[in-house]
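First up is the structure itself, then whatever we jot down about it.
Any read-out appearing in this document is the output of simple, stated calculations on the displayed coordinates, not a laboratory observation. Just so we're clear, the structure is a prediction, and the values are computed from it rather than from any experiment. Note that we place each Cβ from the backbone using ideal geometry, even for glycine, and neighbour counts take in every protein chain shown.
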Amino acid sequence: MVCEFVFTISVYLILVILVSSFVYPTMDELGEQVLDVLVHFGLKRVIGFGVGAGANILCRFALAYPEKVCTLSVMNAANWLW
């Protein structure tokens, strides 16, 4: 029982350290990462479908790389704040 308790505390402390130091990517950075996906799969252009945050990311990608986008179908592409 004591070993489980110590292990649980250790895992909790490690998670607190990792989570507090982790920096989430911005929406613009996520939009830039779409290009990495296209390059990885060897795609020249994309037809994008997105809802919510995915729509926002695709819109940002389209603004940064209009030559890579055939068309977009987006819904609720509000300015996400996370």
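As a rough footprinting exposure proxy, the listed residues TYR24, TYR65 were ranked by other beta carbons within 10 Å of their own, and the order from fewest upward is TYR24, TYR65. Sorted fewest first by neighbouring Cβ atoms within 10 angstrom, PHE61, PHE49, PHE41 come out as PHE41, PHE49, PHE61. Note on THR71/GLU32: beta-carbon distance plugged into 1/(1 + (r/R0)^6) with R0 of 25 Å gives a FRET efficiency of 0.80.
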